[in-house]
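Notes follow once the structure below has been shown.
The values are calculated or read from the model by the stated rules, or taken from the named source; none is laboratory data. Just so it is clear, the model here is predicted, and its values are computed rather than measured. Please note: Cβ atoms are built from the backbone with ideal geometry, for glycine as well, and neighbour counts cover all protein chains shown. The protein model used for the area step is the full one, side chains on, heavy atoms only, and it has no ligands, DNA or RNA in it. Shrake-Rupley method; radii C 1.70, N 1.55, O 1.52, S 1.80 Å.
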Amino acid sequence: SSGINAEYGYHMFQFCCYLGMAVILMRLKLFMTPYMCVLAALVANNFVLPQNEKSRYVIGFLLLGAMSINGVANINHSLDIKGEFSSPHQEELFLWINKRTKPTAVFAGPMPLTANLRLSTSRYIVNHPHYEDQGMRDRTKLVYQIFSRKPGEVVHATLKSLGVEFAVLDKHWCIKSRPRSGCAIPEVWDLEDPDNQDRPTFCEDVQNYQHLFELAYSNAKYRVIRLK
């Protein structure tokens, strides 16, 4: 029996590790949840509650009944959700990229966009939303100079050092258009880079650096600039 108890102890310890990961990062609950379901089977074992075969069925049905109270409502709520993701401006951007850029082209831009860009166009990207990685966070911060107030020469040199050929500017990220002050990207850069806070944003000033950048594509939401 000591061997069996050791197995239970191991699985409980493993579950606690997954629980700690879920507390630190909510998305990591994907590891905890299935393990919790596996451990729920211990209810039907004498290790948790002394029980005979009949009581196991009773306890099992009682647990299923208790879970169904909110479980059925949650399932019905999820099934009632109707809709689909639609972003015409993003679709237009990806169509242009597929038609007018080389398969080896390298792009940089906002994290919510670059992952979709890679998936939809198979073009190379220098930053993506894997922000748990310190190196990726540092690289994304460099890319986000395109939304800062730094001079165009600095932005150009930074993007070139990353191997970027095209940078995608989201027009909504370039302006202070957030319900709460201090949340827009240029406002965050004002705190990070106070020496340039009196300058116009790179988005607004990029037309003055035509010797470094050229406008490759534009629609109602996105602008793509090509590095020279």
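Taking the DSSP bridge list for the chain and keeping only pairs wholly inside it, about 70 percent are antiparallel. For a straight C-alpha distance cut-off of 17 angstrom, the aspartates and glutamates reachable from Lys228 (same-chain residues fewer than eight places away being disregarded) are Glu153, Glu165, Asp205, Glu214.
Give me the percent relative contact order of the chain, please, defined on Cα pairs under 8 angstrom at least 6 residues apart. Display every interim value, and only then the final one.
Working: 237 pairs, mean separation 33.5, N = 228.
Rounded, it is 15 percent for the chain.
Apply 1/(1 + (r/R0)^6) to the Cβ-Cβ distance of Phe13 and Ala73, taking R0 = 25 Å, and write down the FRET efficiency to the nearest 0.05. Walk me through the numbers before you get to the answer.
Numbers: r = 34 Å, r/R0 = 1.35.
My answer for the efficiency is 0.15.
Averaging Cα coordinates gives a centre for the range 114-139 and one for the range 75-96; these two points are 21 Å apart. Leaving out ligands, DNA and RNA, and with a 1.4 Å probe, what % of the accessible surface on the chain is carbon or sulfur? The nonpolar share, carbon plus sulfur, comes to 60 percent.
Near the amide H of Ser148, within less than 5 Å, lie the amide hydrogens of Phe202, all on another chain or at least 5 residues away, with H placed in the peptide plane.
Stretched out fully, how many nm does the piece from Val43 to Ser218 gain, at 0.36 nm a residue minus the Cα gap? Let's see the in-between values first.
Values: separation 175, 0.36 × 175 = 63.00 nm, distance 6.00 nm.
So the extension gain works out to 57.0 nm.
Calculated from the structure at hand, log10 I(q)/I(0) by the Debye sum over Cα atoms at q = 0.07, 0.15, 0.16, 0.17 Å⁻¹ is found among (i) -0.42, -1.03, -1.12, -1.22; (ii) -0.20, -1.01, -1.16, -1.33; (iii) -0.23, -0.90, -1.02, -1.15 as (i). Structure shown: which of Lys82/Lys102; Lys102/Lys141; Lys82/Lys141; Lys150/Lys221; Lys29/Lys160 lie over 31 Å apart, alpha-carbon to alpha-carbon? Pairs exceeding the cut-off: Lys82/Lys102; Lys82/Lys141; Lys29/Lys160. Within the listed set Glu214, Glu187, Glu53, the residue fluctuating most in the Gaussian network model of the chain (springs between alpha-carbon atoms under 10 angstrom) is Glu53.
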